Amino acid sequence: MNNQHQELFHRHKLNPILSAANWPYPVNSVFNPGATRLADGTTLLLCRVEDRRGHSHFTVARSDNGIDHWRIESEPTLLADPKNFPEEIWGIEDPRITYVPELKKYVVVYTAFSRDGPGVALALTEDFKTFERYGVIMAPEDKDAALLPFRIDGQWALIHRPVSAPRAHMWMSFSPDLRHWGNHKLMMEARRGSWWDANKIGLSPPPIETAQGWLVIYHGVRQTAAGSIYRLGLALFDLHAPERCIKRSNEWMFGPQELFEQRGDVDNVVFPCGYTIGADGDTVHLYYGAADTSIGMATGSVRAMLDWLEHNGDPVEVILN
């Protein structure tokens, strides 16, 4: 057998670990969760939950080991609020969680589904019970956003993905106060042609801070005659100038493989919005939406990802050739 490749993430045998069947109230699907590890070691998932209208909200699920025995809130944790935030008229989607030590709060960046398309919204919380909403901070069409956990040269930094048809690239913007954003910089372009990440890319979970730089898991979308395929790749960005890409993978490293990832409301999708890192500082539990229908978990290693990128990536200046 010569067709072998390195497996960076190993799916858990209990996958999918969460689905609509686990939910304490009627829903259509559960997917694309933000994730964090609380001070007591508990894993918290802020799950995107789609109701039977097709509108999404967020619900918290907790687990002591991040794998099973999930304790799911009996009611939605955060609902869209179109009365006060009209840009949320068709729901809220795809949360990404960053703990910010300066604020002593979690910053949740999510997609607000407005009449004009998806925009980037932001909220702060200390306990995932009450939230201070800032509303939309990036106008439609924009999504796939997350905040870095500390300021860069006195400015907050946000990764996001505006759409400029027919392609969509990853950008970084800066702010003094989390409300007013500018100094927009292109971080990484979607490739052209037949690449696995041609035409449309976006951030998956928030970046991982390492000594070598910001390690980014991103998704690429390939259009085929049978529809889109969402897969994951890796890139490394400068720690002090995080808009500068140092290296980017040539190959995808994780894609829809199991039946629950290949068939669902949207076929052929793996889409992580969150992870936790173990006490060893290396073990990663990656939580991903599968086919826009359920939640899977896969385990990997920060060191292994960096090593793989070293051997399966190119400096950014030659990437688009």
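Rule-based calculations on the coordinates, nothing more; no lab input. All of these numbers come straight from a predicted model, not from anything done at the bench. Backbone-built Cβ (ideal geometry, glycine too); neighbour counts: all protein chains shown.
Assorted remarks:
- Couplings 3J(HN,Hα) of segment 222-228, computed from phi: 9, 8, 10, 4, 9, x, 7 Hz, in residue order, whole Hz [Karplus 6.51 cos²θ - 1.76 cosθ + 1.60, θ = phi - 60°; x for Gly and Pro].
- Over the chain, DSSP H runs of length four or greater, each weighted -39,500 (n - 2.57), average out per residue to a 222 nm ellipticity of -1000 deg cm²/dmol.
- Distance from the alpha carbon centroid of segment 116-152 to that of segment 193-213 works out to 20 angstrom.
- Ranked packing of 270-276, 10-16, 158-164, 300-306, most packed first, by mean Cβ within 10 Å: 270-276, 158-164, 300-306, 10-16
- Between Lys83 and Asp282, the modelled labels are 5.3 nm apart [label points 7 Å from Cα along Cα→Cβ].
- Taking every alpha-carbon pair within segment 10-115, the share separated by more than 22 Å comes to 33 percent.
- Euclidean distance between Cα centres, segment 1-49 to segment 85-103, Å: 19 Å
- Against the set [x] 18.9; [y] 20.5; [z] 16.3, the structure's computed mean projected area of the Cα convex hull in nm² falls on [z].
- Residue-by-residue Karplus 3J(HN,Hα) for segment 173-190, coefficients 6.51, -1.76, 1.60, Hz, glycine and proline x: 10, 10, 8, x, 9, 6, 10, 10, 10, x, 6, 5, 9, 6, 8, 7, 8, 5
- For Arg151, no residue whose modelled amide H falls within less than 5 Å of its own remains once neighbours fewer than 5 places apart on the same chain are excluded.
- For the chain, lysine pairs separated by 8 or more sequence positions, or belonging to different chains, with Cα-Cα distances below 21 Å total 8.
- Most mobile of Lys129, Lys185, Lys247 in a GNM of the chain (Cα contacts under 10 Å): Lys129
- In sequence order, calculated HN-Hα J values of segment 20-28 (Karplus, 6.51, -1.76, 1.60; Hz; x Gly/Pro): 4, 5, 8, 7, x, 9, x, 9, 8
- Gyration tensor verdict on segment 96-174 (Cα atoms; rounded if a/c is under 1.5, prolate if a/b is larger than b/c, oblate otherwise): oblate
- Loop-located GluC sites (Glu not before Pro) in segment 240-321, at most 16 other Cβ atoms within 10 Å (DSSP): Glu251, Glu258
- Highest-fluctuation residue, Gly233, Gly281, Gly296 considered, GNM on the chain with Cα pairs under 10 Å: Gly281
- Distance from segment 231-249 to segment 275-306 (C-alpha centre basis), Å: 18 Å
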